[in-house]
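Take a look at the structure set out below.
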Amino acid sequence: GEVPLIIGRPSALDRIDQKSDSGPVVEDLKIAATASTSLSASSASSFPTSAAVRSGERRELSWRTTSRTTSQALQRRSARDSGDSTSNALGSYARILSFTPVVAAHLRLTIVVAFGILAPTSTPLVGALETQWSYDPKFQPQNPWAQRAMLAMCSDMPDSLRVTSSDCWIVNFRDYLSRSGDRFPSRDFDAKLINYHSYSAIDTQEHIWFVDRQMKACHLAFKSDVDKNSGASPMLDFKAYWDAFVDQRNAAASVTASRAFHTSSSWVQAEAEAAIVDSMEVTIILSAACSALGVFLFTGDICLMFLVIALVLGIMSGLAAFMVVLMGWTVGPIEVIALVVFVGYAVTYSLHIAHDYSRVGEDHLDLLAGQEHLAAKLGKSVEDCALLEGGRAMRVARARVALLRLGHATLSSATSTIGSGFFLLFCTLNVFVKLGAVLMAVTTISIAVALLALPAVLMLLGPPTRAKQRLFLTSLWRKFVRRSRSDSGDRGVHL
C-alpha cells in the first residue's frame, strides 16, 4: 500500500516506524524524500481547470509527496525482507538517484505532459484566439493501450531529463487497482476511475477533466533539477531533451493516445526571449530604415539623411556599450526592447538640428548674420569668406544658425527627459530601474551628439546649399496646399 509522507513533520515518520518491525524503512523513506524532493508545489499550468469536477474551481495542494517514491521505498523494504533481488523494485529508484540534485526545490523546473487536449497551432496577428483549447477527439483513455501510453510517460525516464519527482495520477490509479484486486490496464476504465475519484478526489481534481462522468483529458507533472530562471539558451537546450522524449513516447503509443505534448511556463519565456534576441538585428535595421525615411521626408536631403543615420547608429552602439560593458547586463528581452524602442529617442534631437539646417537658404537673414559673424571672426570680408573652398563658410554659417535656433529648446527637452528618468532609478521592480537608466543614458548620448558631433559633421561634410530634392518636395507640398485651399474655396462658394 501507499504510506503518506509529509516532509517537515517527524510525527509521520514516527508513525511509520511504529508500524514496522525495524527502522530501515524509515531510512528508506527519508532517502526517498531527499532524492525526490517531495516538497513540490502544484503545477500552475496554463490548462483549463477541471470544470466538470468542481464547476471550474481548482484545489491547490501546495505541499505533497509523490506516492511513487514512497512506494519505491516500501518495495525496497519488502524485497529486502523477503530476500529477493531488489533490482526490479529499485529500477526507477536507482534512476532517480543516478545524479545529485543541485537546484533548490523551490527553483526546480515544472514540466507538464498533457493528454487529450489540442492547443492552438497559430496566433492571430490582431485580436484574441477564437478557441483557447479543445478536447482531442482521438484520445480514448478507455482503450487499454492508451492507459499503457500514459503509464509509459512516467516510466523509464532518461537521466537527461533530470527528473527528481513526478506527480503521475496514472501510477496511483494502477496501484489502486492492484490493491483492489483488479488488473491494469482496465477494460472498465470509466467506472474504476469514478471509484478512484471517490477514493482520491484531490488527485483526480488536479489532473483529470471529466465530461459526463468520462475522462476527456489529463496531465502529468514532473519536477526537473534545472533552475526555472535559467537563460533562454540553456532552457531551450534542455527543452530539446523533452521534445525527443515525448516524441519517442508518442511514436510508440497507440493512436488513441499519441498526441501528448509537454509544456512549461519556462518554455514560453525562453522562446520569447530567444525570438526577441534573434530578431534584434533585423528590428534595429528596420527601425533605422524608418528613421532614415523620416529624416529624408523632413529634410529632403539625402546627404543629411546618411549623416544623421550614421550618427544614430553610433548612438545605439554607445547605448549597447553602456548596458553590456558599463552596467554589466546580459542581453535579454528588456535590453533588446530598450535598444529598439529608444531608436526614436536617438534620432529625435539630431533630426531637429538637421531639419533646421536644411531650411536655411542662401538669402536667409539669419544666414547672412552668420556669414558676417564668421567674417568678423576670421578677419575677412563676407565676399572673401564666400570664396572658401567647398562652401565651407556656408556650411559653418548654416550649422551656427541651426544651433542658435534650436540649441536651447533641444537642451531643455533633453534635461526634462533625463529628470523624468531619474525617478525611475528608485523603483522596486528591476525592469523600471533598467528602463530609467537606459532612458537617461540614451538621452545624454543623443543630446551630446546632436549639439556637438552633428554640427561638427555638418560643418565638414554637410551640403553647403539647400538640396534640390528639398526644393522639389517643397514645391510639391505648396502646390498641394494651394489646390486644397482652392478646392475648399470653390465648395464654399458653391454652398
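The values are calculated or read from the model by the stated rules, or taken from the named source; none is laboratory data. Please read these numbers as outputs of a predicted model, since none were measured by experiment. Note that we place each Cβ from the backbone using ideal geometry, even for glycine, and neighbour counts take in every protein chain shown. We work out accessible area using only protein heavy atoms, side chains counted, and drop any ligands, DNA or RNA first. Shrake-Rupley method; radii C 1.70, N 1.55, O 1.52, S 1.80 Å.
For Ser233 and Ala456, compute 0.36 nm times the residue count separating them, minus their Cα-Cα distance, and round to one decimal in nm.
Numbers: separation 223, 0.36 × 223 = 80.28 nm, distance 4.34 nm.
Full-extension gain reported as 75.9 nm.
In what sequence, highest mean first, do 300-308, 446-454, 216-224 appear when ranked by Cβ atoms within 10 angstrom? Write out the running numbers ahead of the final one.
Working: 300-308: 21.7, 446-454: 20.1, 216-224: 24.0.
Ranking, from highest mean packing down: 216-224, 300-308, 446-454.
Using a ≥ b ≥ c from the Cα gyration tensor of segment 86-229 (square roots of the eigenvalues), is it rounded, prolate or oblate, where a/c under 1.5 gives rounded and otherwise the larger of a/b and b/c decides, a/b for prolate?
Working: a/c = 2.09, a/b = 1.05, b/c = 1.98.
The shape class here is oblate.
Suppose R0 equals 60 Å. What FRET efficiency, 1/(1 + (r/R0)^6) with r the Cβ-Cβ distance, do Phe99 and Val341 give to the nearest 0.05?
Details: r = 43 Å, r/R0 = 0.71.
Efficiency, from the Cβ-Cβ distance: 0.90.
Enter the accessible area of Arg405 (Å², nearest 10), with the probe set to 1.4 Å and all protein chains included.
Arg405 exposes around 80 Å² with every protein chain in place.
Lys138 to Leu107: extension gain in nm, 0.36 nm per residue of separation minus the Cα-Cα distance?
Details: separation 31, 0.36 × 31 = 11.16 nm, distance 3.57 nm.
Gain on stretching Lys138 to Leu107: 7.6 nm.
Just to make sure I understand: if all protein chains stay in place, what is the order of Leu293, Leu193, Leu311 by accessible area at 1.4 Å, largest first? Could you put the intermediate results ahead of the total?
Values: Leu293 100, Leu193 0, Leu311 35 Å².
Most to least solvent-accessible, the answer reads Leu293, Leu311, Leu193.
Using the Cα atoms of segment 187-329, I'd like the radius of gyration and the largest Cα-Cα distance, Dmax, both in angstrom.
Rg then Dmax for segment 187-329, in Å: 26.4, 81.
Can you give me the distance in nm between label points at Thr330 and Arg392, each placed 7 Å from the Cα along the Cα-to-Cβ direction?
5.3
Largest first, how would Ile309, Ile285, Ile202 line up by accessible area (1.4 Å probe)?
Values: Ile309 25, Ile285 115, Ile202 75 Å².
Most to least solvent-accessible, the answer reads Ile285, Ile202, Ile309.
Leaving out ligands, DNA and RNA but keeping every protein chain, what accessible area does Arg108 have, in Å² rounded to the nearest 10, with a 1.4 Å probe?
Roll a 1.4 Å probe over it and Arg108 shows about 10 Å².
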